Ligand code: SME
């Protein structure tokens, strides 16, 4: 990690902590970044919440990998209804993944898990898309 990455990670970490602390329904908040050394693979970045086994996710796999592939927000109100889903914890019931774009290109994503079904709202989506727009210059 060079100095620039360290300062970026610190900022991303703070955003995760703020979101997790202020929004009751958000139980795990983290960023996955495109691994520049791999072919279409995500690597876990700053996060807050339970440790996860999914530290690397190929494009196309799970909610995270599908959002990476489409470069679009993926909102799931009931993860038990998804075939292409990677379970991080048995408690997770809803999830939203929002892409971070740099000049339109997918560079990272914000992934949020909730222990409450049907908890993701359009307000959340708009707010999180704004957050991802704000962090884009860090990449
Ligand atoms: N549930 C995600 C995997 C990442 S964990 O939620 C932290 C998925 O299906 O891609």
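The values are calculated or read from the model by the stated rules, or taken from the named source; none is laboratory data. Keep in mind that this is a model prediction, so the values were computed, not measured. Glycine gets a Cβ as well: all are built from the backbone with ideal geometry, and neighbour counts include every protein chain shown.
Table for the structure above
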quantity: Residue within region 14-36 that is surrounded by fewer than 19 Cβ atoms within 10 Å (Cβ to Cβ) and at pLDDT below 95 present; calculated: yes
quantity: Counted residues, region 1-45 - those being farther than 21 Å from residue 87 by Cβ and assigned to a strand (DSSP E or B); calculated: 2
quantity: Verdict on residue 72 being in contact with a strand residue (DSSP E or B) (Cβ under 8 Å, 6 or more places away or on another chain), at pLDDT 95 or above, loosely packed, with under 15 Cβ neighbours inside 10 Å and closer than 16 Å to residue 136 by Cα; calculated: yes
quantity: Considering residues of region 53-69 that are more than 17 Å from residue 119 (Cβ to Cβ) and touching a residue at least 40 places away in the same chain (Cβ under 8 Å) only, the residue surrounded by the most Cβ atoms within 10 Å (Cβ to Cβ); calculated: 68
quantity: Every residue from region 39-52 that is in contact (Cβ under 8 Å) with a residue 12 or more places away in the chain, more than 9 Å from the ligand (Cβ to nearest atom) and farther than 20 Å from residue 104 by Cβ; calculated: 41, 43, 45, 46, 48
quantity: Lone unmet requirement of (1) within 9 Å of the ligand (Cβ to nearest atom); (2) within 17 Å of residue 106 (Cβ to Cβ) for residue 59; calculated: (1)
quantity: Any hit, region 70-77, residues being within 13 Å of the ligand (Cβ to nearest atom), in contact (Cβ under 8 Å) with a residue 12 or more places away in the chain and part of a loop (DSSP other than H, G, I, E, B); calculated: no
quantity: Members of region 78-100 that are part of a helix (DSSP H, G or I) and within 8 Å of the ligand (Cβ to nearest atom); calculated: 79
quantity: Some residue of region 116-126 being more than 10 Å from the ligand (Cβ to nearest atom), part of a helix (DSSP H, G or I) and in contact with a strand residue (DSSP E or B) (Cβ under 7 Å, 6 or more places away or on another chain); calculated: yes
